[in-house]
Amino acid sequence: MSDSSAHPESGPDTVAATGQLTGILRRIADFGASVEGMFGEGDHPAFIQIDRLDGPVHAVIDGRKTTLFGTNSYLGLNFDPRCIAASEEALRKWGTGSTASRVASGNQNGHVVLERTIADFYGRPDAIVFSTGFMANLGTICGLASQGDLILYDSHSHASIIDACRASGATFKPFRHNDPADLDRLLTEATVPASRILVVMEGLYSVWGDVGAVKDLATVAKRHGALVLVDEAHGMGLYGEGGRGVTEAQGADHLVDVIVGTFSKSVGVIGGFCVTSHPALQPLRFLARAYLYTASLPPAVVASARTAIGIIKTDTALRAELWRKAERFCRSVQALGYQLCAEPGPVGSIRMRGKAQGLDMWRSLLARGIYVNLLIPPATPGGKVLLRFSVSAAHTDEDIDTFLGVLSDLTKVAQIA
């Protein structure tokens, strides 16, 4: 074996130093240069650092007090004293982490009880808890579908769904967003039996903030005999009488075979889950590699999640307060002349005319102490530039009035008046 250090002219460091990158390194370097050049000088949305949190929606960023309208803490439960107390108690009793996967030595009592809690919350006999919401989609979809199967997914689906489709080995095709007729067409044209087709959609789409046509799409899927999976990551805690999401709100529970969700939004921690009512799907945890081969959730997270789910289940006033604030905010934004991508709700996006205007608006808001999410292509449907916001029950009416006041001052900059 030759020693490359004896021939520096052929070493990889020399190649990098002379700028003659090729292959993988060249592709990554070119991508990095495009990202750096995308925003120019000034604050970069991808590298904003929160220096301190003063609750679920208030922070200090670059020494400036800032109200967070880009958080997914819809109910403010990540700072709820009951959740924090449960987390602290579990931390003292069980330590900081499980140090293993669920099938090794990481299957603790708390994980089992959390699965019972989430299954009971959804009124289904079985649940599987994953370490993240991304893993929940990855593990569930890859466990359900494989080579020879067909996955049909909504074209606005989250990246975790698309990556799961790719990793499953199944054939996969998108149907037009919220379009039952297009789904019906694809199901009719399918060359595999309907029993080998998985239809995937979301309850609430987190970019535009629009509600999924769950009942209509699931009705079409079941008429053909396909299996139905709904991702309620953003809908959980916001929609439905019991807070179980859009599936519940639309009365579609009987049409949906599997519900996937996350603990990182309304629940306020990290983790994911799937719940099922079909007895044949109970062995799914043994097929889900994202469950089998990753460390289980830390005990403190498990305890906080259980407590938060209990709050979501019983505290309907918290959900009502969220909707009061969200609807007031959205109606006021529309009254200022801004165009929203969906009907008023806790999640929404304001359309921008292009990247330059979106970046200017985003920076102007941040400079005035308001943090939102700047979304640009290719991460957005239809190639739109958007300012995404989320309203939380933890926002005060003063927080909302301040945001509206800043938006009002910026209407001329936005060229919408």
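What follows draws every value from the coordinates through simple rules; no lab data is involved. As the structure is a computational prediction, the values presented were derived from the model and not from experiment. Here Cβ is always computed from backbone atoms with ideal geometry, including for glycine, and neighbour counts include all displayed protein chains.
Tabulated data
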item: Residues whose placed amide H lies under 5 Å from that of residue 153, excluding near-sequence neighbours; result: 173, 175, 200
item: For residue 101, residues with placed amide H under 5 Å, excluding near neighbours; result: 106, 296
item: For the range 79-314, diffusion coefficient by Stokes-Einstein and Kirkwood Rh (Cα), 25 °C, 0.890 mPa s, µm²/s; result: 138 µm²/s
item: Sequence-separation-based contact order of the range 11-154, relative, with Cα cut under 8 Å and 6+ spacing, percent; result: 7 percent
item: Calculated from backbone phi, Karplus (6.51, -1.76, 1.60) coupling profile of the range 273-281 in Hz, x at Gly/Pro; result: 7, 9, 10, 9, 10, 8, x, 5, 8
item: FRET E, pair residue 181, residue 293, Förster distance 41 Å, beta-carbon r, rounded to 0.05; result: 0.55
item: Amide proton proximity set for residue 212, modelled H, under 5 Å, gap of 5+; result: 204, 205
item: Phi to ³J(HN,Hα) by Karplus 6.51 cos²θ - 1.76 cosθ + 1.60 over the range 209-226, Hz, x for Gly, Pro; result: x, 8, 7, x, 7, 4, 5, 5, 5, 5, 4, 4, 4, 6, 4, 8, x, 7
item: Extended-chain gain in nm, criterion 0.36 nm per residue less alpha-carbon gap, residue 28 and residue 112; result: 26.0 nm
item: Pairwise label distance in nanometres, residue 278 with residue 96, each label 7 Å out on the Cα-Cβ vector; result: 4.2 nm
item: Ordering of 234-240, 316-322 by burial proxy (mean other Cβ atoms within 10 Å per residue, highest first); result: 234-240, 316-322
item: Projected label distance in nm at residue 323 and residue 120, using a 7 Å step from Cα toward the beta-carbon; result: 2.5 nm
item: Computed over the chain: relative contact order in percent, which uses C-alpha pairs under 8 Å that are six or more apart; result: 20 percent
item: Selection from 69, 408, 323, by position along the positive dipole direction of the chain (Cβ); result: 323
item: Backbone HN-Hα couplings from phi across the range 380-393 [Karplus 6.51/-1.76/1.60, Hz, Gly and Pro as x]; result: 10, x, x, x, 7, 9, 9, 9, 8, 10, 9, 9, 10, 4
item: Local electrostatic count, residue 197, Cβ distance below 15 Å [Lys/Arg +1, Asp/Glu -1]; result: -1
item: Calculated SAXS-style log₁₀ I(q)/I(0) at q = 0.07, 0.09 Å⁻¹ - the chain, Debye, Cα scatterers; result: -0.38, -0.62
